[in-house]
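I have placed the structure first, in the form of structure tokens, so that the comments after it can refer back to it.
The values are calculated or read from the model by the stated rules, or taken from the named source; none is laboratory data. Every value quoted in this text rests on a predicted model; they were computed, and no experiment measured them. Here the Cβ positions follow ideal geometry from the backbone for every residue, glycine too, while neighbour counts run over all protein chains shown. Just the protein is used for accessible areas: all its heavy atoms, side chains included, with ligands, DNA and RNA removed. Shrake-Rupley method; radii C 1.70, N 1.55, O 1.52, S 1.80 Å.
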Amino acid sequence: MNAAEALSEKERLPLMRIILVEDEKQLAHIIKKGLEEEGYSVDLAHDGEEGLYMLENFPADAAVLDIMLPKIDGLSVLSRMRKMGSKTPVLLLTARDTVSDKIKGLDTGADDYLTKPFEFGELAARLRALIRRKTEIKEAVIRIADMEINTASREVKRGGRTIPISAREYAILEYLAYKKDTVVSRTEIAEHIYSEEFDLDSNVIDVYINYLRNKIDKEFKKKLIHTVRGAGYILKERTE
Ligand code: CA
């Protein structure tokens, strides 16, 4: 086992990136920890200004945004990020369960709405639904040609045979699969699988792509991972 593989076995892998904007420290900590245990990479902002900055500058797969926030309130953050063209799915959190708040939130561009107090399990389930909706993949199993990726059990099969795969390889493959038929840059892959504090080294991505090719493409006539010169990688069933 080489160094990169050893690293991948050591950590449970964050796959999707979530930006969490919540000023109540204890609640923020519980949500962050819970989401990390679910395998997400979480960036936390403690006020609306910091949250808006993150949402505008870092790519995220979804955001959890509290309404009552210091500096800039959640609804203003939401309206400003939507005006900037951000399509990041947003789950709004609020302490007030009033219909007018709900309507205002949804009108401003929230994708879903959760009233405090809530069970962590409900937040996690709603986030999963938002991300699925965004990627337009409704099922737990993603199929590309004769490859099957089970996003619940994290099992990968090709031609009906299970392929042993490391956690980091899986994270990259799943990300490519969510974006299937779309070119994904090395930087984008790196940003989605590493936390913010991680040094982005796109060479590492190439190394993992090679491991993946050896596992899922090498023995098969139909290749699924393709290099797009100067742009990145694409996972697709090529028909030519
Ligand atoms: Ca708050």
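For segment 13-68, how many residues meet the condition of being of a type in the set (D, E), within 12 Å of the ligand (Cβ to nearest atom) and open to solvent by 20 Å² or more (accessible area, probe 1.4 Å)?
Qualifying residue count for the region: 3.
Mind checking which residues of segment 70-81 are within 15 Å of the ligand (Cβ to nearest atom) and open to solvent by 20 Å² or more (accessible area, probe 1.4 Å)? Break it down stepwise before answering.
The first filter runs over segment 70-81 and keeps only residues within 15 Å of the ligand (Cβ to nearest atom), leaving 70-78.
Of everything in segment 70-81, those that are within 15 Å of the ligand (Cβ to nearest atom) and open to solvent by 20 Å² or more (accessible area, probe 1.4 Å) turn out to be P70, K71, I72, D73, L75, S76.
Is it true that E38 is under 29 Å from A167 (Cβ atoms) and touching a residue at least 40 places away in the same chain (Cβ under 8 Å)? First the steps, then the outcome.
On the way: under 29 Å from A167 (Cβ atoms): yes; touching a residue at least 40 places away in the same chain (Cβ under 8 Å): yes.
So E38 fits the description; yes.
Output the residues belonging to segment 82-93 that are in contact with a Leu (Cβ under 8 Å, 6 or more places away or on another chain) and either under 16 Å from R126 (Cβ atoms) or open to solvent by 60 Å² or more (accessible area, probe 1.4 Å) (or both).
So the first thing to find is which residues in segment 82-93 are in contact with a Leu (Cβ under 8 Å, 6 or more places away or on another chain), and the list is 86, 88-93.
Passing the criteria: T88, P89, V90, L91, L92, L93.
Could you list, in sequence order, all residues of segment 141-191 that are open to solvent by less than 10 Å² (accessible area, probe 1.4 Å) and hydroxyl-bearing (S, T, Y)?
Once the filter is applied, which keeps residues that are open to solvent by less than 10 Å² (accessible area, probe 1.4 Å) and hydroxyl-bearing (S, T, Y), segment 141-191 yields S166, Y170, Y175.
Across segment 163-192, what is the total count of residues that are touching a helix residue (DSSP H, G or I) at 6+ places or on another chain (Cβ under 7 Å) and over 19 Å from A231 (Cα atoms)? Spell out how you get there, then give the answer.
Our first condition is that a residue be touching a helix residue (DSSP H, G or I) at 6+ places or on another chain (Cβ under 7 Å); within segment 163-192, this holds for 163, 165-169, 171-173, 175, 178, 184, 186-187, 189-190, 192.
Next, from what is left, pick out any that are over 19 Å from A231 (Cα atoms): 163, 165-169, 171.
Qualifying residue count, segment 163-192: 7.
Consider segment 82-104. How many of its residues are small (G, A, S) and within 14 Å of the ligand (Cβ to nearest atom)? I'd like the intermediate steps shown before the answer.
Taking segment 82-104 as the starting set, the residues that turn out to be small (G, A, S) are 85-86, 95, 100.
Among the residues that remain, those that are also within 14 Å of the ligand (Cβ to nearest atom) are: 95.
So the count comes out to 1.
Can you name the number of the only condition in (1) touching a Gly at 6+ places or on another chain (Cβ under 9 Å); (2) aliphatic (A, V, I, L, M); (3) closer than 24 Å to Y233 by Cα that I172 fails?
Only one criterion in (1) touching a Gly at 6+ places or on another chain (Cβ under 9 Å); (2) aliphatic (A, V, I, L, M); (3) closer than 24 Å to Y233 by Cα is unmet by I172, namely (1).
Find all pairs meeting these conditions: Cβ atoms under 7 angstrom apart; at least six residues apart or on different chains; first residue within segment 87-108 and in a helix (DSSP H, G or I); second residue within 16 Å of the ligand (Cβ to nearest atom) and of a type in the set (S, T, N, Q).
Qualifying pairs under 7 Å: D101/T94.
Just to be sure I understand, how many residues within segment 94-116 are more than 10 Å from I67 (Cα to Cα) and under 26 Å from the mean Cα position of the chain (by Cα)?
Applying the first criterion (more than 10 Å from I67 (Cα to Cα)) to segment 94-116 yields 97-100, 102-104, 106-116.
From what's left, under 26 Å from the mean Cα position of the chain (by Cα): 102, 106-116.
Selection size over segment 94-116: 12.
So S185 passes all but one of these: (1) closer than 28 Å to G48 by Cβ; (2) out of contact with any Pro (no Cβ under 8 Å at 6 or more places or on another chain); (3) in contact (Cβ under 8 Å) with a residue 24 or more places away in the chain. Which condition number does it fail?
The one condition S185 does not meet is (1).
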